[in-house]
């Protein structure tokens, strides 16, 4: 092998290493931001007050909306993190477009604690609900765009599971639909929260049926 050929090969290896390092750094950065977002959720929780058991329980009841909103947001942010981990373990490189989408997606994660605080307050239910659900629709939509960029630009490893993107589209798509559909429903009933659970549950149920049929063949 000539010196020129060896240098060219070394340059290609170096470029691949730099790209892989960029993908790893983006993943670590996302982990850190999500950890901060979850921490902010806990910091916003009101502390129960009272000097007797009855007073403490009453205080917990008064703030039950805050605690429920916290649990919902914790599960939502956790699902975002889990999906991000499943996908980015196979990412070998990043593009400018992917970085911009990732930053926008992370902005939605950081906004979630604030949206949670807005949701938990009293009055103007429709506005508060719409704001929170809108943040989540944007977050899941951005994640779907990130996945589309990864697949379109071939930024993942060759051994990436063939059904990963299909499962991602169904899961994240169902969450986005659940939050989106709940917005107009919230103008008629405060039970619109149910769509955040029912739609993803149904999509998961349908996916499991398809997998069983595929396995049975």
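Identify all residues within segment 137-153 that are over 13 Å from residue 170 (Cα atoms) and either crowded, with 22+ Cβ neighbours inside 10 Å or in contact (Cβ under 8 Å) with a residue 24 or more places away in the chain (or both); write none if there are none. Residues satisfying the conditions are 137, 138, 139, 142, 145, 146, 149, 150, 153. Selection over segment 154-189 of residues that are closer than 30 Å to residue 119 by Cα, in contact with a helix residue (DSSP H, G or I) (Cβ under 7 Å, 6 or more places away or on another chain) and either without any contact (Cβ under 8 Å) to a residue 12 or more places away in the chain or outside any helix (DSSP H, G or I) (or both) gives a count of 3.
Set side by side, the residues 82, 104 differ, and just one is within 21 Å of residue 196 (Cα to Cα), surrounded by fewer than 18 Cβ atoms within 10 Å (Cβ to Cβ) and at pLDDT 80 or above, which is 82.
Restricting segment 44-67 to residues that are in a helix (DSSP H, G or I) and in contact with a helix residue (DSSP H, G or I) (Cβ under 8 Å, 6 or more places away or on another chain), the residue that is farthest from residue 112 (Cα to Cα) is 60.
The values are calculated or read from the model by the stated rules, or taken from the named source; none is laboratory data. What you are looking at is a predicted structure, and each value in this text was computed from that prediction instead of being measured. Neighbour counts are summed over all protein chains in view; Cβ atoms, including those assigned to glycine, are modelled from backbone coordinates with ideal geometry.
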